[in-house]
Amino acid sequence: MPLWTDAHNHLQDPRLGDAAPVVAAMKAAGVARCIVNATREADWDAVETLSLAHPDFVAPAFGIHPWHAHTATPGWQDRLAGLLEKHPQASIGECGLDQWVSTPPLEIQRPVFIDQLRLGREMDRAVTIHCLKAWGELFEIFKEDPPPPRFLMHSFGGSIEIARRLIPLGAYFSFSGYFLQPRKSAVIEVFRQLPQDRILLETDAPDMLPPPEIISHPLPENHNHPANLAAIGEALAGSLGMSGEALAELTRGNAERCFFP
């Protein structure tokens with residue numbers, strides 16, 4: 001059985017319910033490890049608890065998502081640094097920029113994102129970046145506040161031209177099952193052109209649900225089960241002209257280099 005790494009999910013999300021049966025299903029499906037991303041200070045404790053309960057399976061990522069930048073409280077940077085010091089395998093995420101939403105505005109998102117980039121550089125931790133309809137702003141920020149040497153553009157739906165600007169900076173790119181929708185075929189074409197040593201795989205569970213025929217572990221209300229990763233990986237492997245085993249090995253090694261060098 002191929003052994004897969006989920007480069008980005010939200011296992012702490014209440015929509016997934018009790019984590020224990022979810023983790024058991026993931027392992028049974030061939031998921032060997034996952035990066036569990038916080039989205040706000042309020043779920044840092046939950047992510048930490050999961051990583052302590054499943055130390056060889058859950059690698060924590062602590063951060064503040066752009067949608068929640070307005071919830072950051074005074075001193076959050078020091079608390080984040082403390083968690084990173086406590087957990088040597090931890091990365092920073094999920095953070096970034098989003099102009100698909102109007103609230104909070106970029107003026108609030110920007111400084112929260114920049115502070116997380118700075119922590120990543122100072123502490124040599126990978127950063128997982130969410131960027132939606134804000135590529136120009138992202139590159140403007142990178143001029144003054146570059147990313148750390150390793151960072152993940154999660155659920156990457158940008159163009160190959162954008163990817164080629166990011167690759168020299170240290171970017172990795174993760175593919176999520178939602179992009180297996182027929183109308184998202186351009187994303188698969190981009191992944192065909194990416195350097196193979198920069199490709200990762202993710203579920204973004206409980207979001208980014210793949211097409212119905214790819215769903216191996218259905219959940220109510222169209223939530224995405226992270227055990228769908230294996231089926232997503234097999235489908236992407238076919239689109240890339242690879243075996244599932246080869247893609248699992250490739251993306252597992254890439255995740256190790258990105259998050260655990």
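Some notes on this structure:
- Selected from Pro226, Pro210, Pro14 as most flexible by GNM, with the chain as the system and alpha-carbon contacts under 10 Å: Pro14
- Residues Asp204, Asp13, Asp56, arranged from fewest to most other Cβ atoms within 10 angstrom of their Cβ, appear as Asp56, Asp13, Asp204.
- Relative contact order (%) - criterion: Cα under 8 Å, at least six apart; region: the chain: 21 percent
- Under the combined filter of DSSP loop state and at most 11 neighbouring Cβ atoms within 10 Å, the range 122-155 retains these trypsin sites (Lys or Arg not before Pro): Lys133.
- FRET efficiency, 1/(1 + (r/R0)^6) with R0 35 Å, evaluated for Gln89 and Asp18 via beta carbons: 0.90
- In a simple Cβ point-charge model (Lys, Arg +1; Asp, Glu -1; nothing else charged), the range 4-259 has a dipole of about 480 debye relative to its Cα centre.
- Each part reduced to its alpha carbon centroid, the range 238-258 and the range 1-78 end up 22 Å apart.
- Entry for Cα extents along the principal axes in Å (calculated from the structure that is shown) out of [x] 80, 43, 36; [y] 53, 51, 31; [z] 45, 41, 35: [z]
- By other beta-carbon atoms within 10 Å, ranking Phe113, Phe179 with the fewest at the front produces Phe179, Phe113.
- Ranked list, fewest to most other Cβ atoms within 10 Å of each Cβ, for Ser102, Ser176: Ser102, Ser176
- Expressed to the nearest 5 percent, the antiparallel share of DSSP beta bridges inside the chain is 5 percent.
Values quoted throughout were computed directly from the atomic coordinates according to the rules given, and no laboratory measurement underlies them. Here the structure is a predicted model, which means the values were calculated and not measured. Positions of Cβ are generated from backbone atoms using ideal geometry, with glycine treated the same way; all protein chains shown enter the neighbour counts.
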